[in-house]
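Have a look at the structure below, then the notes.
The values are calculated or read from the model by the stated rules, or taken from the named source; none is laboratory data. Treat the numbers as computed from the prediction; the structure is a model and nothing was measured. Using ideal geometry, Cβ is built from the backbone for each residue, glycine included, and neighbour counts are taken over all protein chains shown.
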Amino acid sequence: RQVVLGEEGVINTIKPGSIFIDFTTSQPSLAIEIAEALKKREVFSLDAPVSGGDVGARNATLSIMVGGDKGAFNAAKPILKKVGKTIILQGGPGAGQHTKMCNQIQIAGTMIGMVEALIYGTKAGLDIETMLKAISGGAAACWSLDNLAPRILKGDMEPGFFVEHFVKDMGIALTEAQRMHLSLPGLALVHQLYLSVQALGAGRKGTQALYLALQHMADMD
């Protein structure tokens, strides 16, 4: 809000007719507030949060979830294609952020499933690499399994996406769910587990550091 709407914010210098693209993940209500304020300056605003982590950013294959005016979206698409592969207009202002919340809810579920599978497999004495080859070829296949499980096996907890940022995003989703009188017990559980990861001092590690918390709970560290 301060960067865009503050005293020295973008709103005070951006030229009429411009398109403002916000790639950050924030509250849908803020995206709407920014869009309405910029519209008064004859500026279009697109909330365009992304997903795909460091791999997607390096390879320009990010998924970009966009909310805003259709004409502005079409005009901005050549720019969006420079960093993304899946680029879809979800609706009006705020729709991109709501879609990103759906993305984070889904990731929360796949992360806990992936980490628990690794913990279980280790306790059962399986060859974890062989196990991963088997389950990644079936219904359990997912981005987290393909990209983050190998990092965990190497002990690599460096961030593609920070734990503390994921905690922030889950907090936004839970707040929005509460506003809609919606219960998301799975997300609430994963949020609490990631708070445990932060308590272990791993807030600046990657989201795969969820393994550290469950490893600790299983007395495997």
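Considering only residues in region 12-22 that are buried (at least 17 other Cβ atoms within 10 Å of the Cβ) and touching a Phe, Trp or Tyr at 6+ places or on another chain (Cβ under 8 Å), the one that is farthest from residue 100 (Cα to Cα) turns out to be 14.
Considering only region 7-23, state which residues are of a type outside the set (Gly, Ala, Ser) and either modelled with pLDDT under 95 or out of contact with any Pro (no Cβ under 9 Å at 6 or more places or on another chain) (or both).
Taking region 7-23 and keeping what is of a type outside the set (Gly, Ala, Ser), we get 7-8, 10-16, 19-23.
Scanning region 7-23 gives 7, 8, 10, 11, 12, 13, 14, 15, 16, 19, 20, 21.
Counting only residues that are touching a Pro at 6+ places or on another chain (Cβ under 8 Å) and polar (S, T, N, Q), region 137-178 holds 0 of them.
How about region 23-58: which of its residues are small (Gly, Ala, Ser) and either closer than 22 Å to residue 170 by Cβ or surrounded by fewer than 22 Cβ atoms within 10 Å (Cβ to Cβ) (or both)? First the steps, then the outcome.
Taking region 23-58 and keeping what is small (Gly, Ala, Ser), we get 26, 29, 31, 35, 37, 45, 48, 51-53, 56-57.
Once the filter is applied, which keeps residues that are small (Gly, Ala, Ser) and either closer than 22 Å to residue 170 by Cβ or surrounded by fewer than 22 Cβ atoms within 10 Å (Cβ to Cβ) (or both), region 23-58 yields 26, 29, 31, 37, 48, 51, 52, 53, 56, 57.
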